[in-house]
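Here the structure comes first, spelled out in structure tokens, and everything after it is commentary.
The values are calculated or read from the model by the stated rules, or taken from the named source; none is laboratory data. Keep in mind that this is a model prediction, so the values were computed, not measured. Quick reminder, even Gly has a Cβ in these numbers, built from the backbone with ideal geometry, and neighbours come from all protein chains shown. The protein model used for the area step is the full one, side chains on, heavy atoms only, and it has no ligands, DNA or RNA in it. Shrake-Rupley method; radii C 1.70, N 1.55, O 1.52, S 1.80 Å.
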2 protein chains.
Amino acid sequence: MDISSLGEFRFIDRLTDGLSSKRASTVFGVGDDAAVIERDAENYTLLSSDMFLEGIAFDLTYTPLNHLGFKCVVAAASDIIAMNGRPEQLTVSIGISRKITVEMADSIYEGIRAACDKYSIDLVGGDTCSSMTGLSIAISVVGSVAKDKIVYRSGAANSDLICVTGDLGAAFMGLKLLEREKRVLNGNIEAKPKLEGYEYLLERQLHPLLRLDVIEALEQNGIKPTSMIDLSDGLASDTMQLCRRSGKGAKIFLDRLPIASKCFEFGDEIKTDPVMAALNGGEDYELLFTVPVDRYEDVLRVGGIDVIGHMTSADNGASLVTPDGSEIELKAQGWTSLE
Amino acid sequence: MDISSLGEFRFIDRLTDGLSSKRASTVFGVGDDAAVIERDAENYTLLSSDMFLEGIAFDLTYTPLNHLGFKCVVAAASDIIAMNGRPEQLTVSIGISRKITVEMADSIYEGIRAACDKYSIDLVGGDTCSSMTGLSIAISVVGSVAKDKIVYRSGAANSDLICVTGDLGAAFMGLKLLEREKRVLNGNIEAKPKLEGYEYLLERQLHPLLRLDVIEALEQNGIKPTSMIDLSDGLASDTMQLCRRSGKGAKIFLDRLPIASKCFEFGDEIKTDPVMAALNGGEDYELLFTVPVDRYEDVLRVGGIDVIGHMTSADNGASLVTPDGSEIELKAQGWTSLE
């Protein structure tokens, strides 16, 4: 059977079906942003792993290598943040093809180290091997969280507010911009390459930031989300994950989505819907979380957070409500549909 | 600069040069089998990551997929064992190329689960992505060890005995056997494929076991090694790692090496020196460790362990002593020299 006929999420379900814990120290395994492991009386250890393969997660023709290293760390550590944890250590395994020189590897590690320095994470190990094919990077991050502060995907209640940090869609539009630039440079399309004015889109695609500041601000304001996930796959897919794990439905409102303004400008140019970019583009690495409805004003006071909808009972499903009141069912895009 | 001009070990040194810890919980980072992280008053958490790429770490034409999954877990968890720890959780990240069907992925995970069941390790997460190139597998293992039981590579003293478990060289000879078989099947060489009688070599290559039993037996016998490493790269390279980290030299005696007997038989057939297989072949996943010289009889009493030499002062270097008393300097083979 072809994997694409299952889709990413059903494929993962199949591979991890029926797993049970043999170790008392395993608190929570597959099914959230990070695994949860017993640490001491007050704290859990968090563990999350990500893989980034050339030609899929990145294209070396337009990705500066130091940005690549930085971004891989952010993407991996973002899963720890999404559990309301703090990333502390990471390992980097790297498969290096012949075309990668020592200086290129230096650049990748320069970006890895810059991210580690910025977010106080220690690079403590990993693996290096040669690759017959492309550049392969795998990162595992270990973090910690106080037991009473951990946030799972599963804690959302009916009527909880759905909140999102920062803005959405720009990382995807930045990717489209870079892909257009590549086609221009290859002579495949005739167009004046235009990157000026779109620096924000490039920045969001090539150099995403870790929203460590958000979980710190929430904590300072005494707000503990009831559920949380990081926006790596896109708002639609990630909202559905919160719904699935919480056993709830969701309504998000189109006119409340904080779509980056540059997405409209560039979307016009390439005839791509900015809403689609926000829903299915992914890679924004913002946080999607829920809070009880009575925290509405508290959440807005934190700043940089939009309330975009609310949870519902499961039988409503997960939908996008348009300004005219009609509801569109959200669909999850896994990687197999992107091939 | 081409990476092969540096060699694997100097390349790793370069990438990890000057790293310093920013987190109080980081006890030990790069430079041993696993990173060491503070856990609670009595225990450390161990973390190790490995990457396995198609065409480098394995060849799908002759590797049964369930064996591949099993072996990847053993190879990754072996680093935890080498710190005298117990593996408890692991994550599996997998990059899947188009030629991999759902059933093939099932087989890989069948092997991963079998190893996890056998050694009581919980599969707690990971990542799946599509791969433009070959099958890529990255595994991170978390383990635990009591603080007073941890064994580093760096603790060997002058005159400590060098011990090795099991036998050596068979995994490499098994690989040579499979490669010959592949050439025969491809019609590239004319020869009768002969696998019969060499089941042991195949078993060692395709289905290595985790020497959890050894560290349990050592503990039961009240023996704590002064230094330890797992034999993944070959006896020469791994002995040199113990020397380097302990700031010592070593003499190992050729006639004391526990080379698997089938290695001589098959080595004759393919004109390959079994000693070279033991020294540089790697993938035996046995343990190499040192104990104080007064534990000589205690170590032999455990069973399945050979004393193959002793540590010296650093200025003697690391050498292999032949039966006629001459000394040959050990050389480390990294992956760049294997291309």
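When Rg and the Kirkwood Rh are both derived from Cα coordinates, the Rg/Rh ratio for the protein assembly as shown amounts to 1.00.
Per residue of peptide B:4-10, the mean number of Cβ atoms on other chains within 10 Å of the residue Cβ is 2. Across the range B:100-208, Cα pairs under 8 Å and at least six residues apart give a relative contact order of 21 percent. Rounded to the nearest 5, the antiparallel percentage of DSSP beta bridges internal to the range A:1-132 is 40%.
For the range A:156-240, relative contact order (Cα pairs under 8 Å, six or more residues apart, normalised by length) works out to 31 percent.
What is the percent carbon and sulfur in the accessible area of the protein assembly as shown, measuring with a 1.4 Å probe over the protein chains and ignoring ligands?
For the protein assembly as shown, the apolar C and S fraction of the accessible surface comes to 49 percent.
Full extension of the chain segment joining A:L300 with A:D117 gains 62.9 nm, where the gain is 0.36 nm per residue of separation less the Cα-Cα distance.
How much accessible area per residue does chain B have, in Å², with a 1.4 Å probe? List each step's numbers first, then the result.
Details: 13110 Å² over 339 residues.
I get 39 Å² per residue for this part.
Of the trypsin sites (Lys or Arg not before Pro) found in the range A:260-339, those in coil by DSSP whose Cβ has at most 16 other Cβ atoms within 10 Å are A:K271, A:K331.
For B:M132, the solvent-accessible surface with a 1.4 Å probe is about 130 Å², rounded to the nearest 10. In the structure shown, do any of A:K149/B:K71; A:K147/B:K118; A:K182/A:K271; A:K147/B:K147; B:K22/B:K224; A:K99/B:K182 have a Cα-Cα gap over 26 Å, and if so which? Beyond 26 Å: A:K149/B:K71; A:K147/B:K118; B:K22/B:K224; A:K99/B:K182. The ellipsoid equivalent to the alpha-carbon distribution of chain A has semi-axes of 30, 27, 19 angstrom, derived from the gyration tensor eigenvalues as √(5λ) and listed largest first. Of the residues A:A250, A:A217, A:A75, the one that moves most in a GNM of chain A with alpha-carbon contacts below 10 Å is A:A217. Reducing the range B:183-229 and the range B:270-293 to their Cα centroids gives an inter-centroid distance of 11 Å.
Roughly how big is the B-A contact, given as buried accessible area in Å² (both sides, 1.4 Å probe, nearest 100)?
Chain pair B/A: roughly 6400 Å² of buried accessible area.
Distances, shortest first, from the label point of B:T101 to those at the same position in the other copies read 4.5 nm; the point lies 7 Å along Cα to C-beta. Taking every C-alpha pair closer than 8 Å and separated by at least 6 residues, the mean separation divided by the residue count of the range B:5-153 gives a relative contact order of 32 percent.
Going from the alpha-carbon gyration tensor of the range B:241-302, what semi-axes, largest first and in whole Å, does one get by taking the root of 5 times each eigenvalue? Show your work: numbers first, answer last.
Values: eigenvalues 138, 49, 21 Å².
Square roots of five times the eigenvalues give 26, 16, 10 Å.
Ascending distances from the A:D324 label point to its copies in the other chains, with the point 7 Å along the Cα-to-beta-carbon line: 9.5 nm. Starting from the Cα of A:I189, move 7 Å in the Cα-to-Cβ direction to define the label point; list residues of the range A:252-285 whose amide nitrogen is under 14 Å from there. Zone members listed by number: A:266-273. Test of understanding: extend the Cα→C-beta vector of A:E110 to 7 Å, then name every residue of the range A:67-85 with backbone N under 19 Å from that spot. Output list for this probe position: A:67-74.
The string of couplings for the range B:37-44 from the Karplus curve (6.51, -1.76, 1.60, θ = phi - 60°) is 10, 4, 10, 9, 4, 9, 10, 9 Hz, one whole number per residue in order, with x for Gly and Pro.
When the helices of chain B are scored as -39500 (n - 2.57) per DSSP H run of n ≥ 4 and the total is divided over every residue, the value at 222 nm lands at -9500 deg cm²/dmol.
How do the peptides B:313-326, B:43-56 rank, highest first, by the average count of neighbouring beta carbon atoms within 10 Å per residue? The partial results should precede the final answer.
Values: B:313-326: 13.6, B:43-56: 24.4.
Highest mean packing first, the order is B:43-56, B:313-326.
What does the convex hull of the Cα atoms of the range B:1-148 come to per residue, in Å³, rounded to a whole number?
For the range B:1-148, the hull spanned by Cα atoms encloses 140 Å³ per residue.
DSSP beta bridges confined to the protein assembly as shown are antiparallel in about 75 percent of cases. Cα centroid separation, the range B:24-102 to the range A:89-119: 19 Å.
To the nearest whole number, what is the average tally of beta carbon atoms from other chains within 10 Å of the beta carbons of peptide A:28-35? Spell out each step's value before the answer.
On the way: counts 2, 6, 7, 2, 2, 1, 3, 9.
That works out to 4 on average.
Label-point spacing at B:K271 relative to the other copies reads 6.6 nm, in ascending order, each point sitting 7 Å out from Cα along Cα→Cβ. Accessible surface of A:R10, taken over heavy atoms with a 1.4 Å probe and every protein chain present, rounds to 140 Å². By the Cα gyration tensor, the range A:223-339 has an equivalent ellipsoid whose semi-axes, rounded to whole angstrom, run 22, 18, 14 from largest to smallest. Computed extension length for B:A157-B:D17: 47.8 nm, one decimal, from 0.36 nm per residue of separation with the Cα-Cα distance subtracted.
Kindly state, as a whole number, the per residue volume in cubic angstrom of the convex hull around the alpha carbon atoms of the range B:93-190.
Spelled out: Cα convex hull of the range B:93-190, divided by residues, is 215 Å³.
Under the convention that each Lys and Arg Cβ holds +1 and each Asp and Glu Cβ holds -1, the size of the dipole of the range A:118-208 around its Cα centre is about 140 debye. The 1.4 Å probe gives accessible areas that order A:D273, B:D127, largest first, as A:D273, B:D127.
Look at the stretch B:108-119: the mean tally of other chain Cβ atoms within 10 Å of its residues' Cβ atoms is 1.
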